[in-house]
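Note sheet for the following structure.
The values are calculated or read from the model by the stated rules, or taken from the named source; none is laboratory data. Because the structure is predicted, anything quoted here is derived from the model rather than measured. We place every Cβ from the backbone using ideal geometry, glycine too, and count neighbours over all the protein chains shown.
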Amino acid sequence: MMGRTHATSGAVAYLAIQPLLDHAGILASTPATVVIGTIAAAGAALLPDLDHEHATVTQSLGPVTRVATKLVSALSGGHRNGTHSLLGLVVFVLAAWAATLAPLAFALTLGFLFSIALSALHLEVSRCTVVHTLLVVLLSVAALWVLGYSSIPVTSLALPVAVGVGIAAHIAGDMLTKEGCPLFYPFWKFRFHILSLTTGGPTERAVVGPALGLAAVGLCLWQSGIADLDWNWLVTLLR
(Lines give C-alpha, C1' and ligand atoms only; values in the text may rest on other atoms or scores of the structure.)
Protein backbone atom coordinates (compact mmCIF):
# COMPACT_ATOMS: atom_id res chain seq x y z
CA MET A 1 0.00 0.00 0.00
CA MET A 2 1.07 3.60 -0.60
CA GLY A 3 2.01 5.97 2.20
CA ARG A 4 -1.17 8.03 2.11
CA THR A 5 -3.30 4.88 2.13
CA HIS A 6 -1.47 3.58 5.19
CA ALA A 7 -1.80 6.92 7.00
CA THR A 8 -5.52 7.14 6.28
CA SER A 9 -6.05 3.54 7.38
CA GLY A 10 -4.30 4.27 10.68
CA ALA A 11 -6.53 7.28 11.33
CA VAL A 12 -9.68 5.33 10.38
CA ALA A 13 -8.72 2.38 12.58
CA TYR A 14 -8.12 4.61 15.59
CA LEU A 15 -11.37 6.54 15.11
CA ALA A 16 -13.24 3.24 14.85
CA ILE A 17 -11.70 1.65 17.93
CA GLN A 18 -11.68 4.70 20.24
CA PRO A 19 -15.36 4.37 21.31
CA LEU A 20 -14.76 0.71 22.14
CA LEU A 21 -11.74 1.62 24.27
CA ASP A 22 -13.82 4.26 26.03
CA HIS A 23 -16.66 1.81 26.68
CA ALA A 24 -14.18 -0.72 28.09
CA GLY A 25 -12.68 1.91 30.39
CA ILE A 26 -9.25 1.63 28.78
CA LEU A 27 -8.96 5.05 27.16
CA ALA A 28 -11.46 7.88 27.68
CA SER A 29 -12.79 9.66 24.59
CA THR A 30 -11.80 13.26 25.30
CA PRO A 31 -11.31 15.77 22.45
CA ALA A 32 -7.56 15.80 23.08
CA THR A 33 -7.29 12.01 23.17
CA VAL A 34 -9.26 11.57 19.96
CA VAL A 35 -7.34 14.25 18.02
CA ILE A 36 -3.88 13.31 19.28
CA GLY A 37 -4.54 9.58 19.01
CA THR A 38 -5.90 9.83 15.47
CA ILE A 39 -2.98 11.83 14.12
CA ALA A 40 -0.45 9.71 16.01
CA ALA A 41 -2.03 6.54 14.61
CA ALA A 42 -1.84 8.01 11.10
CA GLY A 43 1.88 8.66 11.59
CA ALA A 44 2.48 5.29 13.24
CA ALA A 45 0.86 3.56 10.27
CA LEU A 46 3.90 4.66 8.24
CA LEU A 47 6.51 3.33 10.67
CA PRO A 48 6.77 -0.27 9.37
CA ASP A 49 8.07 1.11 6.06
CA LEU A 50 11.14 2.50 7.81
CA ASP A 51 12.72 -0.63 6.38
CA HIS A 52 12.49 0.70 2.79
CA GLU A 53 14.72 3.46 1.44
CA HIS A 54 12.13 4.80 -1.00
CA ALA A 55 9.16 4.83 1.39
CA THR A 56 7.23 8.00 2.24
CA VAL A 57 8.36 7.87 5.86
CA THR A 58 12.02 7.52 4.83
CA GLN A 59 11.85 10.73 2.80
CA SER A 60 9.81 12.65 5.36
CA LEU A 61 12.52 14.07 7.64
CA GLY A 62 15.56 14.06 5.40
CA PRO A 63 18.78 12.72 6.95
CA VAL A 64 17.04 11.83 10.21
CA THR A 65 14.64 9.30 8.71
CA ARG A 66 17.15 8.10 6.10
CA VAL A 67 19.60 7.13 8.86
CA ALA A 68 16.76 5.59 10.87
CA THR A 69 15.77 3.54 7.83
CA LYS A 70 19.26 2.11 7.42
CA LEU A 71 19.27 1.07 11.08
CA VAL A 72 15.74 -0.35 11.09
CA SER A 73 16.28 -2.21 7.82
CA ALA A 74 19.47 -3.83 9.12
CA LEU A 75 17.83 -4.89 12.39
CA SER A 76 14.58 -6.12 10.87
CA GLY A 77 15.97 -8.17 8.00
CA GLY A 78 15.00 -5.85 5.15
CA HIS A 79 11.73 -4.73 3.64
CA ARG A 80 8.54 -6.42 4.78
CA ASN A 81 10.15 -8.66 7.33
CA GLY A 82 10.55 -7.78 11.01
CA THR A 83 8.65 -4.49 10.94
CA HIS A 84 5.69 -6.20 9.27
CA SER A 85 5.37 -8.95 11.87
CA LEU A 86 3.62 -9.37 15.21
CA LEU A 87 7.00 -9.15 16.91
CA GLY A 88 7.61 -5.84 15.17
CA LEU A 89 4.24 -4.57 16.37
CA VAL A 90 5.15 -5.43 19.96
CA VAL A 91 8.54 -3.71 19.66
CA PHE A 92 6.98 -0.51 18.28
CA VAL A 93 4.36 -0.45 21.05
CA LEU A 94 6.98 -1.02 23.75
CA ALA A 95 9.08 1.81 22.30
CA ALA A 96 6.02 4.09 22.39
CA TRP A 97 5.32 3.07 25.99
CA ALA A 98 8.95 3.79 26.93
CA ALA A 99 8.57 7.27 25.39
CA THR A 100 5.74 8.01 27.83
CA LEU A 101 8.09 7.66 30.80
CA ALA A 102 9.67 11.07 30.13
CA PRO A 103 7.63 14.16 29.10
CA LEU A 104 10.25 15.34 26.58
CA ALA A 105 10.48 11.91 24.92
CA PHE A 106 6.68 11.75 24.80
CA ALA A 107 6.51 15.18 23.17
CA LEU A 108 9.26 14.47 20.64
CA THR A 109 7.62 11.17 19.69
CA LEU A 110 4.30 12.92 19.13
CA GLY A 111 6.05 15.59 17.08
CA PHE A 112 7.73 12.94 14.96
CA LEU A 113 4.50 11.03 14.35
CA PHE A 114 2.59 14.23 13.51
CA SER A 115 5.32 15.26 11.09
CA ILE A 116 5.48 12.01 9.15
CA ALA A 117 1.67 11.94 9.03
CA LEU A 118 1.85 15.28 7.22
CA SER A 119 4.40 13.87 4.80
CA ALA A 120 1.86 11.29 3.66
CA LEU A 121 -0.21 14.17 2.26
CA HIS A 122 2.66 14.95 -0.13
CA LEU A 123 2.71 18.61 0.88
CA GLU A 124 5.68 20.48 -0.52
CA VAL A 125 6.45 21.77 2.96
CA SER A 126 7.01 18.18 4.05
CA ARG A 127 10.07 17.97 1.80
CA CYS A 128 11.82 20.88 3.51
CA THR A 129 14.13 19.66 6.26
CA VAL A 130 14.33 23.07 7.96
CA VAL A 131 10.56 23.50 8.09
CA HIS A 132 10.14 19.94 9.28
CA THR A 133 12.63 20.47 12.08
CA LEU A 134 10.79 23.59 13.22
CA LEU A 135 7.50 21.71 12.96
CA VAL A 136 8.72 18.90 15.20
CA VAL A 137 10.00 21.40 17.77
CA LEU A 138 6.73 23.37 17.79
CA LEU A 139 4.61 20.25 18.05
CA SER A 140 6.82 18.93 20.83
CA VAL A 141 6.45 22.16 22.80
CA ALA A 142 2.69 22.06 22.23
CA ALA A 143 2.55 18.48 23.47
CA LEU A 144 4.52 19.42 26.58
CA TRP A 145 2.10 22.28 27.20
CA VAL A 146 -0.87 19.95 26.92
CA LEU A 147 0.69 17.43 29.27
CA GLY A 148 2.07 19.78 31.88
CA TYR A 149 0.26 23.08 31.86
CA SER A 150 -3.22 22.48 30.49
CA SER A 151 -6.38 21.19 32.09
CA ILE A 152 -7.02 19.02 29.02
CA PRO A 153 -6.67 15.38 30.15
CA VAL A 154 -4.30 13.38 27.94
CA THR A 155 -3.38 10.00 29.32
CA SER A 156 0.03 8.62 28.38
CA LEU A 157 -1.71 5.40 27.36
CA ALA A 158 -2.97 7.20 24.25
CA LEU A 159 0.45 7.03 22.58
CA PRO A 160 1.16 3.27 22.78
CA VAL A 161 -2.46 2.53 21.89
CA ALA A 162 -2.33 4.82 18.85
CA VAL A 163 0.99 3.33 17.74
CA GLY A 164 -0.32 -0.21 18.13
CA VAL A 165 -3.45 0.59 16.13
CA GLY A 166 -1.44 2.33 13.41
CA ILE A 167 1.05 -0.52 13.06
CA ALA A 168 -1.74 -3.10 12.99
CA ALA A 169 -3.56 -1.12 10.30
CA HIS A 170 -0.38 -1.03 8.20
CA ILE A 171 0.15 -4.78 8.48
CA ALA A 172 -3.51 -5.48 7.67
CA GLY A 173 -3.26 -3.20 4.64
CA ASP A 174 -0.15 -4.90 3.31
CA MET A 175 -1.81 -8.29 3.76
CA LEU A 176 -4.21 -7.17 1.04
CA THR A 177 -1.32 -7.10 -1.44
CA LYS A 178 0.25 -10.03 -3.22
CA GLU A 179 3.52 -9.68 -1.28
CA GLY A 180 1.76 -10.26 2.06
CA CYS A 181 3.37 -10.07 5.51
CA PRO A 182 5.42 -12.61 7.51
CA LEU A 183 3.35 -12.33 10.70
CA PHE A 184 5.52 -14.73 12.69
CA TYR A 185 8.93 -13.55 11.45
CA PRO A 186 11.68 -14.50 12.29
CA PHE A 187 10.30 -17.81 13.61
CA TRP A 188 8.26 -18.55 10.50
CA LYS A 189 8.84 -16.59 7.30
CA PHE A 190 5.65 -17.60 5.52
CA ARG A 191 3.90 -14.50 4.09
CA PHE A 192 0.21 -14.24 4.81
CA HIS A 193 -2.02 -12.36 2.40
CA ILE A 194 -5.78 -11.99 2.08
CA LEU A 195 -5.97 -10.54 -1.43
CA SER A 196 -3.46 -9.99 -4.21
CA LEU A 197 -3.70 -6.26 -4.87
CA THR A 198 -0.82 -4.34 -6.40
CA THR A 199 0.66 -1.47 -4.38
CA GLY A 200 -0.33 1.78 -6.07
CA GLY A 201 -2.52 -0.11 -8.53
CA PRO A 202 -5.93 1.00 -9.83
CA THR A 203 -7.85 -0.84 -7.09
CA GLU A 204 -5.95 0.95 -4.35
CA ARG A 205 -6.24 4.34 -6.05
CA ALA A 206 -9.85 4.08 -7.18
CA VAL A 207 -11.44 1.94 -4.47
CA VAL A 208 -9.39 1.45 -1.28
CA GLY A 209 -8.10 5.03 -0.98
CA PRO A 210 -11.46 6.80 -1.55
CA ALA A 211 -13.27 4.29 0.69
CA LEU A 212 -10.85 4.99 3.54
CA GLY A 213 -11.25 8.73 3.00
CA LEU A 214 -15.04 8.49 3.20
CA ALA A 215 -14.76 6.28 6.29
CA ALA A 216 -12.50 8.86 7.95
CA VAL A 217 -14.96 11.68 7.27
CA GLY A 218 -17.89 9.58 8.46
CA LEU A 219 -16.17 8.55 11.68
CA CYS A 220 -15.12 12.15 12.38
CA LEU A 221 -18.73 13.34 11.99
CA TRP A 222 -19.97 10.48 14.14
CA GLN A 223 -17.49 11.12 16.94
CA SER A 224 -18.15 14.85 16.84
CA GLY A 225 -21.81 14.16 17.56
CA ILE A 226 -22.99 16.01 14.47
CA ALA A 227 -25.08 13.00 13.47
CA ASP A 228 -27.13 13.42 16.65
CA LEU A 229 -28.11 17.03 15.93
CA ASP A 230 -31.64 18.04 15.01
CA TRP A 231 -31.52 18.67 11.26
CA ASN A 232 -35.21 19.61 10.90
CA TRP A 233 -34.28 23.27 10.62
CA LEU A 234 -32.19 22.52 7.53
CA VAL A 235 -34.97 20.49 5.93
CA THR A 236 -37.39 23.36 6.58
CA LEU A 237 -34.96 25.88 5.13
CA LEU A 238 -34.45 23.84 1.97
CA ARG A 239 -38.19 23.67 1.43
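Taking first residues from segment 86-104 that are more than 20 Å from Leu183 (Cα to Cα) and touching a residue at least 60 places away in the same chain (Cβ under 8 Å) and partners that are in a helix (DSSP H, G or I) and among the β-branched types (Val, Ile, Thr), the Cβ contacts under 6 Å between residues at least 6 apart in sequence or on separate chains come to Ala96/Val163; Ala99/Thr109. Checking each residue in segment 69-85 for being in contact (Cβ under 8 Å) with a residue 24 or more places away in the chain and of a type outside the set (D, E, K, R) picks out Ser76, Gly77, Gly78, His79, Asn81, Gly82, Thr83, His84, Ser85.
Here's the yes/no breakdown for (1) surrounded by fewer than 17 Cβ atoms within 10 Å (Cβ to Cβ); (2) in a helix (DSSP H, G or I); (3) modelled with pLDDT under 60; (4) in contact with a Gly (Cβ under 6 Å, 6 or more places away or on another chain):
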| position | (1), (2), (3), (4) |
| --- | --- |
| Leu135 | no, yes, yes, no |
| Ile152 | yes, no, yes, no |
| Ile171 | no, yes, no, no |
| Phe184 | yes, no, no, no |
| Phe187 | yes, no, no, no |
| Phe190 | yes, no, no, no |
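Of the helices (runs of 4 or more DSSP H) lying entirely inside segment 1-116, those containing at least 3 residues that are touching a His at 6+ places or on another chain (Cβ under 8 Å) and buried (at least 23 other Cβ atoms within 10 Å of the Cβ) are 3-23.
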